[in-house]
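Worksheet for the structure shown next.
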Amino acid sequence: MITLGLIINPLSGIGGAVGLKGSDGTDIVEQALALGAQKKSLARSRQALQVIADLSSRFQILTCPAEMGEELAAEFGFSYRLIDADIAQTHTSADDTRKAAQAMLDAGVDLLVFAGGDGTARDICAVIGDAVPVIGIPAGVKIHSGVYGITPLATGNVIRSLLCGELVDVKEAEVRDLDEDAFRNNQVRARHYGDMRVPQHGHFVQAVKQGGVEDESLVLVDIAAYLCEEMEDDVLYLIGSGKTTQAIMDELGLENTLLGVDAVCNRELVGRDLSASQLLQLSSQYQQTIAVVSVMGGQGHIFGRGNQQLSPALLHQLGKQNIRVISTKTKIAALNGRPLIMDSGDPQLDQAWSGTIEIITGYRDHIVHTLA
């Protein structure tokens, strides 16, 4: 019988929807909770484990107390036991994650499954290294590391393939993390912290977030000029994060939040660096709202990576017809035929929007690409 280690960081991603751009540190967690942030990693872990629920006779789980794994294992009725380590019951920390990883390494788990973001991956990598295969359930704000499934369901599918005895490669993948303080000041500083061995199956495991910026300034100017020309009066435009969308704000001559979501109406700034609740409230005041998002280089995500402020509730309210995706053709070609990824946090919404979507790639230039 296969033994799966399960570590859930219950506070991972808690700062995303309220615009804090991270969850590292007690102060940020307390600030996020004070702003009304909701814990999401348990729900995302549930999505992943649901995929293997019918195979429970093939594995047992070694996990942590309470929110760090025990509650979910009990909910599914899985056979599980708890690690022998001094783990906090609430307000868990990076130290708790490292203690849990060490206990699972000592116990000799076959595969370590964890839910979190780059900070969680970094903590686990510091203990595990390449000693045990691992795979992450994406639940954080910033996910640049290549150790996560492209969605929680994708992570579940990789685990399922392993449990079913299918051929699953194991390859080294990078663990990368950002400096959150610099991130909040619109500076992207990613550092390589090590490598872990990750099961690979199809296109279920995400690539490392590509750093750097291509010299495609003329293409971005064309895209920005076209979008600004098409802007209608009295329509609210939500400009998503990233350097691609920054070109639109530059074209309008407006101040831009590189790593946040800004709101524009009648070519004027009506909101800066807005949280999920602020966006939902502001959008309800307009007859039409359009969200402009870019494609994450190397991975293909349009939702769920760095723009959690665009919540499932807001996306339901907008509808797929009010989404504008922008990208250079070079970035799309680099996906090598892989679809764009929607990881909104609501699997039913992701499924409903799957199929194809138009991408603006230049001045009056569009392509159609698959969306998974």
The one condition in (1) farther than 23 Å from Ala224 by Cα; (2) in contact (Cβ under 8 Å) with a residue 60 or more places away in the chain that Gln317 fails to fulfil
(2)
Of the residues in region 126-157, those that are under 19 Å from the mean Cα position of the chain (by Cα) and surrounded by fewer than 23 Cβ atoms within 10 Å (Cβ to Cβ) number 2
Do the conditions hold for Ile87, that is, is it of a type in the set (A, V, I, L, M, F, W, C), surrounded by 14 or more Cβ atoms within 10 Å (Cβ to Cβ) and closer than 28 Å to Gly345 by Cα?
yes
On the basis of being within 12 Å of the chain's Cα centre (by Cα) and crowded, with 24+ Cβ neighbours inside 10 Å, does Asp123 make the cut?
no
With the structure loaded, tell me whether Ala34 is at pLDDT 65 or above, among the aliphatic types (A, V, I, L, M) and surrounded by fewer than 19 Cβ atoms within 10 Å (Cβ to Cβ) or whether it fails that test.
no
Is there a residue in region 323-336 that is among the β-branched types (Val, Ile, Thr), in a helix (DSSP H, G or I) and surrounded by fewer than 23 Cβ atoms within 10 Å (Cβ to Cβ)?
yes
Please enumerate the residues belonging to region 337-356 that are surrounded by 19 or more Cβ atoms within 10 Å (Cβ to Cβ) and aliphatic (A, V, I, L, M).
Leu340, Ile341, Met342
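Listed here are the residues, each with its yes/no results for (1) farther than 11 Å from Val175 by Cα; (2) in contact with a helix residue (DSSP H, G or I) (Cβ under 6 Å, 6 or more places away or on another chain); (3) not assigned by TED's automatic domain parsing to the domain that holds Arg338.
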residue: Ala85; (1), (2), (3): yes, yes, yes
residue: Ala100; (1), (2), (3): yes, no, yes
residue: Ala107; (1), (2), (3): yes, no, yes
residue: Val113; (1), (2), (3): yes, no, yes
residue: Asp118; (1), (2), (3): no, no, yes
residue: Val147; (1), (2), (3): no, yes, yes
Spans of strands (runs of 3 or more DSSP E) in region 214-275 with at least 1 residues without any contact (Cβ under 8 Å) to a residue 40 or more places away in the chain:
262-265, 268-271
Matching helices (runs of 4 or more DSSP H) fully within region 37-113 where at least 1 residues are under 27 Å from the mean Cα position of the chain (by Cα), more than 23 Å from Asp343 (Cβ to Cβ) and without any contact (Cβ under 8 Å) to a residue 24 or more places away in the chain
70-76, 94-107
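The values are calculated or read from the model by the stated rules, or taken from the named source; none is laboratory data. Only a predicted model underlies this, so the values are computations on that prediction, with no experimental measurement involved. No Cβ is skipped: glycine too gets one built from the backbone with ideal geometry, and neighbour counts run over all protein chains shown.
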